[in-house]
1. Run Glu199 past the list (1) open to solvent by less than 20 Å² (accessible area, probe 1.4 Å); (2) within 12 Å of Ser131 (Cβ to Cβ) and report the number of the one that doesn't hold.
2. Check every one of the helices (runs of 4 or more DSSP H) wholly within region 341-444 and list those with 1 or more residues that are over 30 Å from Tyr106 (Cβ atoms).
3. Please go through region 533-552 and pick out each residue that is under 26 Å from Glu565 (Cα atoms) and part of a helix (DSSP H, G or I).
4. Among the residues of region 448-470, how many are within 17 Å of Leu364 (Cα to Cα), exposed (fewer than 14 other Cβ atoms within 10 Å of the Cβ) and either of a type in the set (S, T, N, Q) or more than 24 Å from the chain's Cα centre (by Cα) (or both)?
5. Among the residues of region 434-446, what is the count of those that are open to solvent by 50 Å² or more (accessible area, probe 1.4 Å) and within 26 Å of the chain's Cα centre (by Cα)?
6. May I ask you to list the residues in region 62-94 that are basic (Lys, Arg) and on the phi > 0 side of the Ramachandran plot?
7. In region 595-630, what residues are surrounded by fewer than 17 Cβ atoms within 10 Å (Cβ to Cβ), touching a residue at least 60 places away in the same chain (Cβ under 8 Å) and out of contact with any helix residue (DSSP H, G or I) (no Cβ under 9 Å at 6 or more places or on another chain)?
8. Regarding Thr146, is this residue more than 30 Å from Phe303 (Cα to Cα), hydroxyl-bearing (Ser, Thr, Tyr) and out of contact with any Cys (no Cβ under 6 Å at 6 or more places or on another chain)?
Amino acid sequence: MHNRLLILLFCFVSFLALGQAPKQTKTEVLFTVNKTPVSSDEFVYLYKKNHQNKPEDFTEVKINEYLNLFINFKLKVAEARTLGMDTTAKFIKEFKTYREDLKKPYRAEPDALERLTKEAYEHLTQEVRASHILINLKPDAFPSDTLNAYAKIDIIKKRIEAGEDFEKLARELSEDPSAKYNGGDLGYFTAMQMVYPFEEAAYKTDKGKMSNIVRTRFGYHLIKVIDKKPARGEVEVAHILLRNETADDAKTKNKAFEIFDQLKAGRPWDELCKENSQDANTKDTGGKLRPFGVGALASVPEFESTAFALAKPGDISDPFKSSIGWHIVRLDKKIPLPSYAEMVESLKRKVTRDERLQISQQALATKRRKDFGFEEIAENKRFIFDLADTMLTKGKWQYKGDKASLAKPIFRIQSKNVTIGEFVTYVKVHQAQSTMIPAAHINQLYNFFVDDVITLVEEENLIRDKPEFKNLLTEYREGILFFEIMEKEIWNKASQDTSGQRGFYERNKTKYVGGNRVEARIFSTPDKNLITDFKKKIEKGDTIQNVDIKKFKSVQGFRNYEKGESKIIDNVTWSSGLHETETDKTFHLVEINRLVAPGIKSFEEARASIISDFQNELEQNWLTLLRKKYPMEINQKVKKSVVAALVKK
């Protein structure tokens, strides 16, 4: 019923289209509501914003009307605050989303999603073959374990730089189990197939070179890039599979070559596939597989390399063996990489779900700390971290340190101290049950706290330096509160209070007088023949059965219609019986039951208007109470100058 974004205060328009709000040399209080001042700047800004290109609205009468509406708005916001609506989790979450969107134009950094989407596509245009050496490490490992793991990988790196063979050390020292037999060789891959830090490092490392040490959620890696080449897109193939179900591999191999010989002799592929393939999912459909790209079948590299080696559609491979069994593959189609424009939306969805977005946001958070002069007090941070125990992971932690320490700074932002006590308060509010170890959980809470403090400082700076941002922030904050309080006090009551609606109707019946009307119902369908058949049945004396009604796309039950209420009703003759008409390529059958003389409408007939009028009555009564509840005072001198300034515009 109510579009939240349209109701947030008045009709919001982009401030980028407006340009910056003109700066006032002096801010004066226009009026106060419940001792809260409202500046003349805010009123002038909003009036100009909501009356753009309407010079006829810059009159004293129009400005006074708007001022009255604006005061009513502020009264409703005051009530919402009194009821604590600005402290609910729902409000905080919604306002935070709007607030972050409002800040984006003021930030220098590019949109992370857009940048990462373009980067993912660039990676998709190239295939990388790489080997790696892994030293395992959990994401939430203790600092001592992290140091030990790093020391191990650093020693290996130095040995390789001194001339030792990468593959040999991968077989001996890598903690990736597959390295024992593949020397760390991962084959070819492209974007979205490796964890993001690994992918990023591989694409940044030149062919034949080794990367720096890379940390992922699996541990520390060294990556050696063996080859890079343009992406080959995807292939669509069909296959015949003979599984290794017995120890007699020679028998399976001979069978595969027999099938191959029959294919060369001209026997149909589909026929041989159905007779012999042991892939139950595809044997009856010619062995067809879904299209796949490089790296998608990394577990059966022989299959992937053979499929991509086939040159043109219709080419059939020689029989070959994999860990699954013996295969014969036919190339059906080569599918080149689509353009960026074709892939951008699907790529964005993938990037949104991928860890690369989270990692990018973490990097941005690190940069913001530097930009805002973030400075940690290591000793005090260590003090509070040492107090984290298992009660924190149960969501029941309490501070057990000395009172004096609460005043000590844990970090500084733009030379302003943020104390241990402020962090303790944050932890008490935000702690929750967690499977993390206490040290990891308090570190997570600490990082969230730092980011929140930086966000608040950033916001304070914007409010100070950018008056248009301050105005927008106020609009959205109060707009959300306005929506919530109106929904609670007026809209829901007006639409759901049936007894209240009936009482209002009884008190105001004479307002709801209708002219000449018809009582009718409407059957609609895109099939004209249905209406023809329907009419024939009625003319033969049949009654309208439910089975016939269900055939129509829509049926509107009997109700009274006035002229102008329905284009369909206005198109037919107002007389009892069945009438045909057409609107917008839809055919209608109108059954008019009777003509209705002018007179007072029934409650059901007038209900839409009753709800609207009842809502207005509720709102006016409520505003009367609010004006009594919250003291309101207008500065007449300032009002006069504001009106004069706007009229001159």
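The values are calculated or read from the model by the stated rules, or taken from the named source; none is laboratory data. Since this is a predicted model, take the numbers as computed values, not measurements. Note that each Cβ is placed from the backbone with ideal geometry, even for glycine, and that neighbours are counted across all protein chains shown. SASA here: full protein model, heavy atoms, side chains in, ligands and nucleic acids out. Shrake-Rupley method; radii C 1.70, N 1.55, O 1.52, S 1.80 Å.
1. The failed condition is (2).
2. Working: elements: 355-371, 378-385, 390-393, 420-430.
It comes to 378-385, 390-393, 420-430.
3. Filtering region 533-552 for residues under 26 Å from Glu565 (Cα atoms) gives 534-535, 544, 549-552.
Within region 533-552, Phe534, Lys535, Ile549 qualify.
4. Qualifying residue count for the region: 0.
5. Within region 434-446, residues that are open to solvent by 50 Å² or more (accessible area, probe 1.4 Å) and within 26 Å of the chain's Cα centre (by Cα) number 1.
6. Let us first name the residues in region 62-94 that are basic (Lys, Arg), namely 62, 74, 76, 81, 90, 93.
Those that are basic (Lys, Arg) and on the phi > 0 side of the Ramachandran plot: none in region 62-94.
7. Within region 595-630, Leu595, Ala597, Pro598, Gly599 meet the criteria.
8. Spelling it out, Thr146 is indeed more than 30 Å from Phe303 (Cα to Cα), hydroxyl-bearing (Ser, Thr, Tyr) and out of contact with any Cys (no Cβ under 6 Å at 6 or more places or on another chain).
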